[in-house]
Amino acid sequence: MEVSSMNENESIEFKENYTEKIYKEIIAFLNTNSGTIYIGYDDNGNLIGVDNCKDIEEKISNGIRTNIYPDARIFVSINTGKLEDKEYIIIKVSKGIDIYYLKEKGIVKGTYLRTGSCSIPATEETVKQLIIKNSSLSFETSISSNQELTFDYISKALEENNININENNIKENLHFTANQKYTNIGLLFSDQNPFTFKLAVYQSNEKNNFLDRKEFKGSILEIYDTIIDYLKNNTATYGLINTSVREDIEEYPEFILREIVLNSLIHRDYGTLTSNILNLYKNNGIEVISFGSLYGNITLDDILAGLSTSRNPYLQSIFMRIKRVEAIGSGLRRVKSYYNKIGLNFEIDVLPSAFVVKLPKISLNNVAIQNNSKGDMDIIIKYIEKNGSITRINAQALINKEKTTTSTILNKLVENGVLVKIGNGPSTRYEINK
């Protein structure tokens, strides 16, 4: 469609040049309906052109990040065009899933709406109504700001499961499209997915000896697969000889790596372009930081009990369909149970805007020690789970070991965060560290 044949309306805005007012227009489209802003055109749709398009494009991109709250970059695409030797800028804005406003003015005075060909401030009452309305919006089913998508990587995975993405209604059934337009769930699985996953490698968790850095890009499925491959190739597997039989011991069992990476991808908040982060500490363990805290009313105890609620249910469903998810709700509980059984502490920190998982490194020495006392540890843990606590004297009688050996086992469980020690002297007791 020729721009010159169009007039400003509820979905089209013309600007002769760049000014700070552009963010008001972007916010109005985010809060109302999708729209397009053309910079380099007068109010009648006549091409004037702009100089330094690339500089202005970068300025707008940075301005969206610094001037608009919450992060709206995923819903905005900026491109340049050229006609009659004149350059212009096209800003395509998709409707967001939140209430967007100018940071410096705040939500009450900085929220704008599109009415006809004008962007106007929202009243306080309108803001309240938007809060109620937007609470039911989903990132996954919102229309993607990028409609030029390809699906080469996900197509191969679907073919392995006898699904042809190009067959009738398949994209719609996968929720990649709605009303013949690509959705954000389609964007995530496309080769043009803008979300990345950053990885850093250090010698220790003091971060004073940096070793490597990676940024994983592409389809969210490709990101998942390549992260797992990297971790498998850059962590060790030991050989433990036990009664003449070799046992392979992984620093991080593959099922745990898959669960933790998948959890960070499926449950993160995609309302912002902030990257998830994985820190691999060669001496200590792995830390995964996922943007977005717990979703809904679920608690950490609920999750570890096997309850599940998903911020991105379609994303989770597709990963299950291509057999990357074994079961819903059991993953983190299974990981914690695994580490508890070998006496190591698996940590989860729930922050206001992030979910942090910390995996301890399993060494050959850990396993050798744990193999000798693993049965005794299991007996003690099961006793405490049933009775609430245990004393050293009761533990000694329970596992039929010497005082020193029993104390060593209890101290090891405390050291690894499995148990907590309460009190002093003969009345000292041990409980599960919750």
Among the residues of the range 58-99, write down those that are more than 15 Å from SER145 (Cβ to Cβ) and among the acidic types (Asp, Glu). GLU58, GLU84, ASP85, GLU87
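Answer yes if at least one residue in the range 183-205 is of a type in the set (Asp, Glu), within 25 Å of the chain's Cα centre (by Cα), modelled with pLDDT under 95 and part of a loop (DSSP other than H, G, I, E, B), and no otherwise. Explain how you work it out, then say what you get.
First, the residues of the range 183-205 that are of a type in the set (Asp, Glu): 191.
Then drop every residue that is not within 25 Å of the chain's Cα centre (by Cα), which leaves 191.
When the remaining residues are screened for being modelled with pLDDT under 95, the result is none.
Checked against the condition, which is being of a type in the set (Asp, Glu), within 25 Å of the chain's Cα centre (by Cα), modelled with pLDDT under 95 and part of a loop (DSSP other than H, G, I, E, B), the range 183-205 yields no hits at all.
Scan the range 380-409 for residues that are in a helix (DSSP H, G or I) and at pLDDT below 90 and report the count.
First pass over the range 380-409, keeping only residues in a helix (DSSP H, G or I): 380-387, 392-399, 403-409.
If we keep only those that are at pLDDT below 90 too, we end up with 399, 403-409.
Residues that pass the stated criteria total 8.
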Would you point out the residue of the range 152-169, among those that are among the charged types (D, E, K, R) and not in a loop (DSSP other than H, G, I, E, B), that is nearest to ASP191 (Cα to Cα)? ASP152
Checking the condition of a type in the set (Asp, Glu), in the same structural domain as PRO352 (by TED's automatic domain parsing) and in contact with a helix residue (DSSP H, G or I) (Cβ under 6 Å, 6 or more places away or on another chain), which residue from GLU259, GLU254 passes? GLU259
Only residues in the range 257-271 that are crowded, with 23+ Cβ neighbours inside 10 Å and among the β-branched types (Val, Ile, Thr) count as the first member; pair them with residues that are assigned to a helix (DSSP H, G or I) and at pLDDT below 95, Cβ under 6 angstrom, at least 6 apart or cross-chain, and list the lot. ILE266/LEU315; ILE266/GLN316
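Pick from ASN233, ASN179: which is farther than 26 Å from GLY285 by Cβ, free of Cβ contacts under 8 Å to residues at least 60 places away in the same chain and of a type outside the set (D, E, K, R)?
Details: ASN233 fails: farther than 26 Å from GLY285 by Cβ.
The match here is ASN179.
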Would you point out which residue out of GLU287, GLU251, GLU259 is over 22 Å from the mean Cα position of the chain (by Cα) and either within 21 Å of TYR339 (Cα to Cα) or of a type in the set (S, T, N, Q) (or both)? GLU251
Residue ID - nearest to the chain's Cα centre (by Cα), chosen from residues in the range 113-129 that are closer than 27 Å to ILE185 by Cα and either surrounded by 16 or more Cβ atoms within 10 Å (Cβ to Cβ) or modelled with pLDDT of 85 or more (or both): LEU113
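Can you tell me how many residues within the range 59-87 are of a type outside the set (A, V, I, L, M) and more than 19 Å from THR274 (Cβ to Cβ)?
Keep residues of the range 59-87 that are of a type outside the set (A, V, I, L, M), which gives 59, 61-63, 65-67, 69-71, 73, 75, 77, 79-82, 84-87.
Keeping just the survivors that are more than 19 Å from THR274 (Cβ to Cβ) gives 59, 79-82, 84-87.
Summing the residues that are of a type outside the set (A, V, I, L, M) and more than 19 Å from THR274 (Cβ to Cβ) in the range 59-87 gives 9.
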What number of residues within the range 31-54 satisfy the criterion of being among the β-branched types (Val, Ile, Thr), in contact with a Phe, Trp or Tyr (Cβ under 7 Å, 6 or more places away or on another chain) and over 16 Å from ILE78 (Cα atoms)? 1
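Kindly indicate which of ILE97, ILE132 is touching a Gly at 6+ places or on another chain (Cβ under 8 Å) and at pLDDT below 85. If you could, list the steps in order and put the result at the bottom.
Values: ILE132 fails: touching a Gly at 6+ places or on another chain (Cβ under 8 Å).
Matching residue, one of ILE97, ILE132: ILE97.
Taking the criterion of being basic (Lys, Arg) and either in contact (Cβ under 8 Å) with a residue 24 or more places away in the chain or assigned to a loop (DSSP other than H, G, I, E, B) (or both), would at least one residue in the range 117-129 satisfy it?
Start the filter on the range 117-129 by keeping residues that are basic (Lys, Arg), which leaves 128.
Adding the requirement that they be either in contact (Cβ under 8 Å) with a residue 24 or more places away in the chain or assigned to a loop (DSSP other than H, G, I, E, B) (or both) leaves none.
Among the residues of the range 117-129, not one is basic (Lys, Arg) and either in contact (Cβ under 8 Å) with a residue 24 or more places away in the chain or assigned to a loop (DSSP other than H, G, I, E, B) (or both), which makes the answer no.
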Scan the range 8-27 for residues that are more than 24 Å from ASN52 (Cβ to Cβ) and at pLDDT 95 or above and jot them down. ILE27
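The values are calculated or read from the model by the stated rules, or taken from the named source; none is laboratory data. Remember, predicted model here, so these are calculated numbers, not experimental data. Positions of Cβ are backbone-derived with ideal geometry, glycine not excepted, and every protein chain shown enters the neighbour counts.
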